[in-house]
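*Asks:* Here you go, one structure.
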Amino acid sequence: IEGQVGFGGACGQVAQGVRANNEPYIYTSYVARFSDAGVCQWIDTFKADDAWPVAVAVDAALNFWVVGMFTSEVRFGPGFDLATAGNAHDVFIARYDDKGALGWTQSITGPSDTWAYDVALIEDGDGADAMVVGSFNDSVAIGGTNLTSAGGYDMLAVRYTAAGAVSFARGFGGAGTDELYAVVAVGPDVVAGGYFDSPTLEVGGIATLDNLGSYDAALIKLDGTGAPIWAQRFGGEGGDWISDLAATGSDVAVVGAFAGTMSVAGLPALTSAATSAFITRISGAGSGVGSHAVSSANGGALFTSVRANAAGDLYVATVIDGDAAFGSTVISPAAGAWSIVAARYAAGGSETPLWTAQQDRSGQMTYPVLDLSDKHVVLSADLMDNGGDMAFYGLCL
């Protein structure tokens, strides 16, 4: 928030935060809860000169976990404020109850940058644990565990208990830049996905993934102690990355983008003339179940978000800037525009969605996210032609 924003409902007008000397902070970030009818029920704000949330998750008891990044400091309120170890980017984790009361905050800091991109919750019978994924540079100390990167940025996975204690912290990396962008719980385990541009990626002694191009996608399954169970590379001569994951039974739905040719977990290779979106299912044992691409002959396509319903149907959010083939359904954006596309795929894996919904937008690319309630598909993205900034960095229902 910059200035003052009206949220309505019980939240009313929310103003930009100010310091004790009445000098305003540059930003005020927030987490808010809305009813299914879109009425704001509560909101909590936190103030900083450079802090922003990136992901939110809700457990079975309706506790809210918010993860983000900050530099210098972030002001949640007395007893909850956080400060960095220096001027690098650091990570914050905050846990709220269902009424918006803050229970605790934690930070991950180091001498260089640490990033967070996603959070998933593991229901273990005594309150949900949270798995936070991202990357770190140089070194980082987390709950008594000291991690040192193998080169540039290494992948980071940290599990927290409901009380905020660190269960484990793991790093995976090589000589280059390696990051985890998405994570999902699959029973007591988690699956995390991202990319690596290191020549090789060492995954906890169970696998060495070779890079086949500029950067390859990586998918890693971890057990409840953080030990790797299996690791898969999605790769080719171009750039390949994973944007989001969703659990569907014991399988995992994976979405992202690639360029050129990409091999996927033993499945037939996908090919693309430009940047294309891909969607694939990986079994709990790490083998490929099915995969296909959404390609464009005169533009690009990227899956940004995926969710699964109880029947195993997959709902995705996509951005395209050229004619894109969703199986036999071809969608064309307006001239000079990006289109936001939501689609529903049947559990059987057909390349043609059950339905698609399109919204054209001018300006630069946006990064839409979606989630499912019991009645609706909720899609969020920025509205203004402001260079593609995201209006919402995280969405969870």
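*Asks:* For the stretch 102-121, give me the residue count where each residue is closer than 14 Å to A165 by Cβ, open to solvent by less than 30 Å² (accessible area, probe 1.4 Å) and in contact (Cβ under 8 Å) with a residue 60 or more places away in the chain.
*Replies:* Residues in the stretch 102-121 being closer than 14 Å to A165 by Cβ, open to solvent by less than 30 Å² (accessible area, probe 1.4 Å) and in contact (Cβ under 8 Å) with a residue 60 or more places away in the chain: 0 in total.
*Asks:* Of all residues in the stretch 363-377 being open to solvent by less than 60 Å² (accessible area, probe 1.4 Å) and polar (S, T, N, Q), which is nearest to V255 (Cα to Cα)?
*Replies:* If we take residues in the stretch 363-377 being open to solvent by less than 60 Å² (accessible area, probe 1.4 Å) and polar (S, T, N, Q), then T366 is nearest to V255 (Cα to Cα).
*Asks:* I've got another one for you. Looking at G152, G134, can you tell me which residue is closer than 15 Å to D113 by Cα, open to solvent by less than 10 Å² (accessible area, probe 1.4 Å) and either modelled with pLDDT of 95 or more or part of a strand (DSSP E or B) (or both)?
*Replies:* G134
*Asks:* Can you name the condition, by its number, that A308 falls short on among (1) farther than 28 Å from W230 by Cα; (2) surrounded by fewer than 23 Cβ atoms within 10 Å (Cβ to Cβ)?
*Replies:* For A308, the exception is condition (1).
*Asks:* While we're looking at this one, here's another question. Inside the stretch 29-42, can you point out the residues that are among the hydrophobic types (A, V, I, L, M, F, W, C), open to solvent by 40 Å² or more (accessible area, probe 1.4 Å) and part of a strand (DSSP E or B)?
*Replies:* F34
*Asks:* Please go through the stretch 241-268 and give me each residue that is open to solvent by less than 10 Å² (accessible area, probe 1.4 Å) and over 14 Å from A301 (Cβ atoms), ordered by number.
*Replies:* Scanning the stretch 241-268 gives I242, L245, A246, V252, A253, V254, V264.
*Asks:* Which residue is farthest from I220 (Cα to Cα), if the candidates are limited to the stretch 306-319 and must be in a strand (DSSP E or B) and either modelled with pLDDT of 95 or more or of a type in the set (A, V, I, L, M, F, W, C) (or both)?
*Replies:* Once the filter is applied, the top-ranked residue is V319.
*Asks:* Now a separate question. Only one of G226, G238 is out of contact with any helix residue (DSSP H, G or I) (no Cβ under 9 Å at 6 or more places or on another chain), surrounded by fewer than 21 Cβ atoms within 10 Å (Cβ to Cβ) and either without any contact (Cβ under 8 Å) to a residue 12 or more places away in the chain or farther than 18 Å from M131 by Cβ (or both); which?
*Replies:* Just one listed residue meets the conditions, G238.
*Asks:* Shifting gears a bit: Sort out which residues of the stretch 197-223 are small (G, A, S), in a loop (DSSP other than H, G, I, E, B) and within 23 Å of the chain's Cα centre (by Cα), and write them in order of number.
*Replies:* S198, G204, S214
*Asks:* While we're looking at this one, here's another question. Tell me, yes or no, whether the stretch 362-380 has at least one residue that is of a type in the set (D, E), in a strand (DSSP E or B) and modelled with pLDDT of 90 or more.
*Replies:* Scanning the stretch 362-380, I find at least one residue that is of a type in the set (D, E), in a strand (DSSP E or B) and modelled with pLDDT of 90 or more, so the answer is yes.
*Asks:* Which of the residues spanning the stretch 54-75 are under 23 Å from the mean Cα position of the chain (by Cα) and more than 18 Å from A88 (Cβ to Cβ)?
*Replies:* A55, V56, A57, V58, D59, A60, A61, L62, N63, F64, W65, V66, listed by residue number.
*Asks:* Now a separate question. Within the stretch 45-73, take every residue that is touching a strand residue (DSSP E or B) at 6+ places or on another chain (Cβ under 8 Å), outside any strand (DSSP E or B) and open to solvent by 20 Å² or more (accessible area, probe 1.4 Å) and give me the one that is farthest from V369 (Cα to Cα).
*Replies:* S72
*Asks:* Can you find, within the stretch 204-223, the residue that is farthest from V56 (Cα to Cα) among those that are without any contact (Cβ under 8 Å) to a residue 40 or more places away in the chain and crowded, with 24+ Cβ neighbours inside 10 Å?
*Replies:* Among them, the one singled out is L209.
*Asks:* Counting just the residues of the stretch 172-202 that are crowded, with 23+ Cβ neighbours inside 10 Å and free of Cβ contacts under 8 Å to residues at least 60 places away in the same chain, which one comes out farthest from G127 (Cα to Cα)?
*Replies:* S198
*Asks:* Further question on the same structure: Whether any residue in the stretch 277-286 is in contact (Cβ under 8 Å) with a residue 12 or more places away in the chain, within 20 Å of N211 (Cα to Cα) and open to solvent by 20 Å² or more (accessible area, probe 1.4 Å) is what I want to check.
*Replies:* No, the stretch 277-286 has no match at all.
*Asks:* Given the conditions (1) outside any loop (DSSP other than H, G, I, E, B); (2) closer than 25 Å to E123 by Cβ; (3) not hydroxyl-bearing (S, T, Y), report the number of the one that A163 does not fulfil.
*Replies:* If we test A163 against (1) outside any loop (DSSP other than H, G, I, E, B); (2) closer than 25 Å to E123 by Cβ; (3) not hydroxyl-bearing (S, T, Y), just (1) comes out false.
The values are calculated or read from the model by the stated rules, or taken from the named source; none is laboratory data. As the structure is a computational prediction, the values presented were derived from the model and not from experiment. As a convention, Cβ positions derive from the backbone with ideal geometry for all residues, glycine included, and neighbour counts pool all protein chains shown. Remember, those area values only see protein heavy atoms, side chains included, never the ligands or the DNA or RNA. Shrake-Rupley method; radii C 1.70, N 1.55, O 1.52, S 1.80 Å.
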